[in-house]
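Q: Okay, handing you the structure first.
The values are calculated or read from the model by the stated rules, or taken from the named source; none is laboratory data. Treat the numbers as computed from the prediction; the structure is a model and nothing was measured. Cβ placement follows ideal geometry from the backbone for every residue including glycine, while neighbour counts extend to all protein chains displayed.
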Amino acid sequence: MPTLTLKEQPAVPLEAESLSPDVTAALALDAVRALPVYLGKRPQRVDDFFEVEGAAGDELEIRGDGRKIKWIGRGMTRGRLTIIGNAGMHLGAYMKGGTIEVSGSVMDWLGAEMSGGSIHVGGNAGGQVGAAYRGSLSGMKGGTILIEGSAGLEVGMRMRRGIIAVGGQVRDFAGLEMKGGTILLRSGAELRTGAWISRGTIISLTPIRLLPTFSYSCTYNPTFLRVYARHLSTLGFRIPYEEKDGAYQRYTGDAAVPGKGEILVWKPHAS
Amino acid sequence: MLRITGGKVHDPANGVLGVVQDICIADGRIVPQVEGGRSIDASGMVVFPGGVDVHTHVAGAAMNFARGITPENYRKASPFIHTPELRAGLGGITPTTFATGYLYAGMGWTTVNEAAVPILSARHTHEELHDIPILDKSSLVLMANNEIVLDLLEAGEVERAKHVVAWLIWAAKAYGVKAVNPGGIVAWKFGKNASKLSEPVDGYRRVTPAQIISSLAGIIDDLRLPHPLHLHCNNLGIPGNVSTTLETMKVLEGRRAHMAHLQFHAYGGNGWGTLRSEAATIAEYFNAHTNLTADAGAILFGDAMTVTADGPWEHVLHELTGHKWSNVDVENETGCGIVSYTYKERSLVNAVQWAVGLELLLLINDPWRIFLTTDHPNGGCFWRYPELIRLLRDADYRRECLKRLPPKAQKRIVLADLDRQYTVSEIAIITSAGPARALGLSQKGHLGVGADADIAIYDENPASGLMFEHPRYVIKGGVIVVEEGQIRAVTQGREFIVHPSFDEQIEAYLRPLFEKVYTISFDNYPVAIERLAQPDIRACRP
């Protein structure tokens, strides 16, 4: 496995879409060292910024505070990418398969327009997680994004399929213009969650403020959540679903679009 | 000086159909003989007059708006990287200005006609046309919903309307007049449309779409403009619009007119579920009436961008598709709508549209009157013309494509029965000689002595369906601009405009109207001739 250790923080963002298992798997270490990265508009080499060690292989490890390293794992289809530290914007954007594991935090556009694979972030994420890039009709179309910490604005904006689960609180406009898929919020969200949602499910385990264009529909324990909960528990992310513990209040909306989306808010039984 | 030797020359305007002969070039024009200079060996190649696009949308406020609302298209588009010779740019569905020039020239097209310019955005349009390199350009100004003109028609003051039209053409530094959905955009400002030719337009008591069409066609004939009225009929895209189109063509009897993107106006049926091709009906009438020319406005499956002054139609399209939509009001002159769109093979409606475009091109007998366009970017991008040419030249390939359409669509079209295959010379007519003649550009579209040396040289390889995709050489104004698939030289093209005569006193009539209804002052309205990089004022017809 090639291991890249960041020598020092670049002065301006470094665009490093070559740092992906798809690219590095077939390369000897010297070829990895010579891969192009862009510092601003200037092409440079990977070893201008990273110490490259280890042996060639399907996996790739990046160490250091890479908060200014953009586009890591762009469009990756296979293999495993481990980041010990932080990563910059657009991590795993357009990704189709494989796994990304980040111990620290990541910036905006994590997994934007991804269609498969899974991303696990130990720290916090920025805004536009799994979102559609500006102008695109749909964001994430499949795959899984798990974030232990908090996330920023427009989480899952225009997403069509897949799961985004966030442990900490997310900011405004989670699920903006969502068309499908599931967003799980363990610690709730700030304002305007689910604005313009036309389909899809947002689940919050804590009470959240709802837009006036969402209407209460019922309180129940959806069957599908059992399946979800089991799947998520294998990923280390627990959600309640037992009737003895409580039930979900279902709200439908957004009536402003009008849409058929839903927001499920967990309400534990009074103990 | 340049000599092209050994190529099979297709110059239908001069009756040369695939004859091996030399072409000599000096000072940007074709001459009988040259001494010395470079020689191009075109053995095994065909030599065409440079392509002329009679109807395209490449510059102006609406195109810029379309570019602005579709950033996602540019992420997928092929880039032009900045080099010492080339400016950076992006291709895709609505290419940027410089890329537009490179892409057209790279395909062998050397003249384009920007088909819809509101006078209020004419200055912007000319700035963008200036930034489209290599090509010669002309533009048509929108007139059929101009409320000053319509008010005069309402009052029966046709003579004064003629002077206003002439003044407006010169103010916009345009080459001709385009009419889009006559009366419909005026009505759109009341949330309505003009779907009946003989009913008064909303906001008027007497003026009907039919009257606007016949008056404008008459005015343009009187002004002796080189290009006749360029007409986008009412009810574009609506099932059953064939009756409107036929009625329009009857209104135009005895006058010249160019029917734009005819494909969008040849539908039968009474709803989307019953849409069928009426190309045969249109072609039958069209074949018998030589006062008309038309361009196909064919569609190709894939992504497109619909941009038109026809605001009410774009609203219908938005409601149908849910795709993003913009609507622009252009004061007293016109409107504009924009909706991004994808033509799909599995869609019954799109399949019929695809067939109608090809059927019109195959059923209209005279290639001198029907021209190859996709109404770029409405029916497909101009850089996909080679795909369209392949469909016209190869009936077997066409039938292969037909098999992929929904079975229901096969019953609504007649394409399967058409065996006609375009000859190479006929392709030269519908892509160059014909449109040049319809535009009244006497030095374009042919390779006779005195013509502009705009030449495209293609490999003659009948096995390749896409022989027109990559010209071996493109020569523009005597300069080799494309060689071996690379842009070798970037020249600045001319802009063709006309200066029809009008009574100078008309300004005294217009000025107070402007002060009252326009947001800009009268003196700032006309585009100064100095704004155009290389204006070429063309004479009106004798």
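Q: Among the numbered criteria (1) out of contact with any Lys or Arg (no Cβ under 8 Å at 6 or more places or on another chain); (2) of a type in the set (D, E); (3) at pLDDT 95 or above; (4) loosely packed, with under 15 Cβ neighbours inside 10 Å, which one does A:E8 miss?
A: Unmet for A:E8, out of (1) out of contact with any Lys or Arg (no Cβ under 8 Å at 6 or more places or on another chain); (2) of a type in the set (D, E); (3) at pLDDT 95 or above; (4) loosely packed, with under 15 Cβ neighbours inside 10 Å: (3).
Q: Give me the residue from the stretch A:123-135 that is over 9 Å from the mean Cα position of the chain (by Cα), buried (at least 18 other Cβ atoms within 10 Å of the Cβ) and farther than 12 Å from A:Y94 by Cα and, out of that set, nearest to the other protein chains (Cβ to nearest Cβ). Give the derivation first.
A: The initial filter retains those residues of the stretch A:123-135 that are over 9 Å from the mean Cα position of the chain (by Cα), namely A:123-124, A:126-127, A:132-135.
Remaining after also requiring buried (at least 18 other Cβ atoms within 10 Å of the Cβ): A:124, A:126-127, A:132-133.
Add one more test, that the residue is farther than 12 Å from A:Y94 by Cα, and what stays is A:124, A:126-127.
Values: A:N124: 27, A:G126: 20, A:G127: 18 Å.
Result: A:G127.
Q: Within the stretch B:77-91, restricting attention to residues that are of a type outside the set (D, E), out of contact with any Phe, Trp or Tyr (no Cβ under 8 Å at 6 or more places or on another chain) and more than 17 Å from B:F382 (Cα to Cα), which residue is farthest from the other protein chains (Cβ to nearest Cβ)? Quick ask: steps written out before the conclusion?
A: If we filter the stretch B:77-91 for residues that are of a type outside the set (D, E), which is where we start, we get B:77-84, B:86-91.
With out of contact with any Phe, Trp or Tyr (no Cβ under 8 Å at 6 or more places or on another chain) added as a condition, the list becomes B:77-79, B:81-84.
Checking which are more than 17 Å from B:F382 (Cα to Cα) leaves us with B:81-84.
Working: B:I81: 11, B:H82: 10, B:T83: 15, B:P84: 16 Å.
Going through the qualifying residues, I end up with B:P84.
Q: Report whether or not A:T82 is among the polar types (S, T, N, Q), more than 14 Å from every other protein chain (Cβ to nearest Cβ), on the phi < 0 side of the Ramachandran plot and in contact (Cβ under 8 Å) with a residue 60 or more places away in the chain.
A: Working: among the polar types (S, T, N, Q): yes; more than 14 Å from every other protein chain (Cβ to nearest Cβ): yes; on the phi < 0 side of the Ramachandran plot: yes; in contact (Cβ under 8 Å) with a residue 60 or more places away in the chain: no.
So A:T82 does not fit the description; no.
Q: Additional query: Are there helices (runs of 4 or more DSSP H) fully within the stretch B:204-289 with at least 2 residues that are in contact (Cβ under 8 Å) with a residue 60 or more places away in the chain and surrounded by fewer than 21 Cβ atoms within 10 Å (Cβ to Cβ)? List them.
A: Values: elements: B:209-223, B:242-251, B:279-288.
It comes to B:209-223, B:279-288.
Q: Still on this structure, please answer the following. On the basis of being of a type in the set (S, T, Y) and in contact (Cβ under 8 Å) with a residue 40 or more places away in the chain, does A:S233 make the cut?
A: On the way: of a type in the set (S, T, Y): yes; in contact (Cβ under 8 Å) with a residue 40 or more places away in the chain: no.
The answer is no for A:S233.
Q: For A:G194, all conditions in the list (1) touching an Asp or Glu at 6+ places or on another chain (Cβ under 8 Å); (2) on the phi > 0 side of the Ramachandran plot; (3) free of Cβ contacts under 8 Å to residues at least 40 places away in the same chain; (4) small (G, A, S) hold save one; what is the number of the exception?
A: (3)
Q: Going through the stretch A:152-172 one residue at a time, which ones are away from chain B (no Cβ under 14 Å), part of a loop (DSSP other than H, G, I, E, B) and either crowded, with 24+ Cβ neighbours inside 10 Å or touching a Pro at 6+ places or on another chain (Cβ under 6 Å) (or both)?
A: If the condition is that a residue be away from chain B (no Cβ under 14 Å), part of a loop (DSSP other than H, G, I, E, B) and either crowded, with 24+ Cβ neighbours inside 10 Å or touching a Pro at 6+ places or on another chain (Cβ under 6 Å) (or both), then A:E154, A:V155, A:G156, A:M159 are the ones that fit.
Q: With the requirement that a residue be farther than 18 Å from A:D108 by Cβ and either at pLDDT below 95 or assigned to a loop (DSSP other than H, G, I, E, B) (or both), what does the stretch A:179-191 give you?
A: A:K179, A:G180, A:G181, A:R186, A:S187, A:G188, A:L191
Q: Which of the numbered conditions does B:Y74 fail, given that it passes all the others? Conditions: (1) hydroxyl-bearing (S, T, Y); (2) away from chain A (no Cβ under 14 Å); (3) surrounded by fewer than 22 Cβ atoms within 10 Å (Cβ to Cβ).
A: (2)
Q: If you don't mind, another one. Can we say A:G149 is away from chain B (no Cβ under 14 Å), part of a loop (DSSP other than H, G, I, E, B) and either surrounded by 18 or more Cβ atoms within 10 Å (Cβ to Cβ) or of a type in the set (A, V, I, L, M) (or both)? If you could, list the steps in order and put the result at the bottom.
A: Details: away from chain B (no Cβ under 14 Å): yes; part of a loop (DSSP other than H, G, I, E, B): yes; either surrounded by 18 or more Cβ atoms within 10 Å (Cβ to Cβ) or of a type in the set (A, V, I, L, M) (or both): no.
For A:G149, the condition - away from chain B (no Cβ under 14 Å), part of a loop (DSSP other than H, G, I, E, B) and either surrounded by 18 or more Cβ atoms within 10 Å (Cβ to Cβ) or of a type in the set (A, V, I, L, M) (or both) - is not met.
Q: Let me ask something else about it. May I ask you to list the residues in the stretch B:333-385 that are among the charged types (D, E, K, R) and either modelled with pLDDT of 95 or more or surrounded by fewer than 22 Cβ atoms within 10 Å (Cβ to Cβ) (or both)?
A: Residues of the stretch B:333-385 among the charged types (D, E, K, R): B:333, B:344-346, B:359, B:366, B:369, B:375, B:384.
Answer for the stretch B:333-385, where residues must be among the charged types (D, E, K, R) and either modelled with pLDDT of 95 or more or surrounded by fewer than 22 Cβ atoms within 10 Å (Cβ to Cβ) (or both): B:K344, B:E345, B:R346, B:E359, B:D366, B:R369, B:D375, B:R384.
Q: Same structure again: Can you name the residue in the stretch B:431-468 that is at pLDDT below 95 and surrounded by fewer than 19 Cβ atoms within 10 Å (Cβ to Cβ) and, of all such residues, is farthest from B:R538 (Cα to Cα)?
A: The qualifying residue farthest from B:R538 (Cα to Cα) is B:A463.
Q: Then there's this: Can B:V177 be described as touching a helix residue (DSSP H, G or I) at 6+ places or on another chain (Cβ under 6 Å), within 26 Å of B:G297 (Cβ to Cβ) and assigned to a helix (DSSP H, G or I)?
A: Working: touching a helix residue (DSSP H, G or I) at 6+ places or on another chain (Cβ under 6 Å): yes; within 26 Å of B:G297 (Cβ to Cβ): yes; assigned to a helix (DSSP H, G or I): no.
No.
Q: Considering only residues that are surrounded by 13 or more Cβ atoms within 10 Å (Cβ to Cβ) and either among the aliphatic types (A, V, I, L, M) or in a helix (DSSP H, G or I) (or both), which ones fall in the stretch A:227-238? Talk me through it step by step, then tell me what you get.
A: Keep residues of the stretch A:227-238 that are surrounded by 13 or more Cβ atoms within 10 Å (Cβ to Cβ), which gives A:228-229, A:232, A:235, A:237.
Of everything in the stretch A:227-238, those that are surrounded by 13 or more Cβ atoms within 10 Å (Cβ to Cβ) and either among the aliphatic types (A, V, I, L, M) or in a helix (DSSP H, G or I) (or both) turn out to be A:Y228, A:A229, A:L232, A:L235.
Q: Given the criterion within 14 Å of another protein chain (Cβ to nearest Cβ) and at pLDDT 95 or above, identify the matching residue among B:T100, B:T94, B:T125.
A: Working: B:T100 fails: within 14 Å of another protein chain (Cβ to nearest Cβ); B:T125 fails: within 14 Å of another protein chain (Cβ to nearest Cβ).
So the residue among B:T100, B:T94, B:T125 that is within 14 Å of another protein chain (Cβ to nearest Cβ) and at pLDDT 95 or above is B:T94.
Q: Could you list, in sequence order, all residues of the stretch A:2-29 that are under 19 Å from A:H90 (Cα atoms) and in a loop (DSSP other than H, G, I, E, B)?
A: Within the stretch A:2-29, A:Q9, A:P10, A:A11, A:V12, A:P13, A:A16, A:E17, A:S18, A:L19, A:S20 meet the criteria.
Q: Continuing with the same structure: Conditions first: (1) touching a residue at least 24 places away in the same chain (Cβ under 8 Å); (2) closer than 19 Å to B:Y341 by Cα; (3) of a type in the set (G, A, S). B:G101 passes all but one, so which condition is the exception?
A: Here B:G101 meets the rest and fails (2).
Q: Kindly check whether there is at least one residue in the stretch A:94-114 that is within 14 Å of another protein chain (Cβ to nearest Cβ), under 25 Å from A:M1 (Cβ atoms) and crowded, with 24+ Cβ neighbours inside 10 Å.
A: Taking the stretch A:94-114 first, the residues within 14 Å of another protein chain (Cβ to nearest Cβ) are A:94, A:109, A:112-113.
Restricting the remaining residues to those that are under 25 Å from A:M1 (Cβ atoms) gives A:94.
From what's left, crowded, with 24+ Cβ neighbours inside 10 Å: none.
The answer is no; no qualifying residue exists.
Q: Run down B:P535, B:P500, B:P471 and say which single residue is surrounded by 11 or more Cβ atoms within 10 Å (Cβ to Cβ) and closer than 14 Å to B:L168 by Cβ. Walk me through how you get there before you give the answer.
A: Working: B:P535 fails: closer than 14 Å to B:L168 by Cβ; B:P471 fails: closer than 14 Å to B:L168 by Cβ.
Step by step, each of B:P535, B:P500, B:P471 is checked, and only B:P500 is surrounded by 11 or more Cβ atoms within 10 Å (Cβ to Cβ) and closer than 14 Å to B:L168 by Cβ.
Q: What's the number of the only condition in (1) touching a helix residue (DSSP H, G or I) at 6+ places or on another chain (Cβ under 8 Å); (2) crowded, with 19+ Cβ neighbours inside 10 Å; (3) at pLDDT 95 or above; (4) away from chain A (no Cβ under 14 Å) that B:A62 fails to meet?
A: It fails just one condition, (3).
Q: Another question, then. Just to check your reading of the model, which residue among B:G50, B:G36, B:G68 is out of contact with any helix residue (DSSP H, G or I) (no Cβ under 6 Å at 6 or more places or on another chain) and within 14 Å of chain A (Cβ to nearest Cβ)? If you could, list the steps in order and put the result at the bottom.
A: Values: B:G50 fails: within 14 Å of chain A (Cβ to nearest Cβ); B:G36 fails: within 14 Å of chain A (Cβ to nearest Cβ).
Selected residue: B:G68, the only one of B:G50, B:G36, B:G68 that is out of contact with any helix residue (DSSP H, G or I) (no Cβ under 6 Å at 6 or more places or on another chain) and within 14 Å of chain A (Cβ to nearest Cβ).
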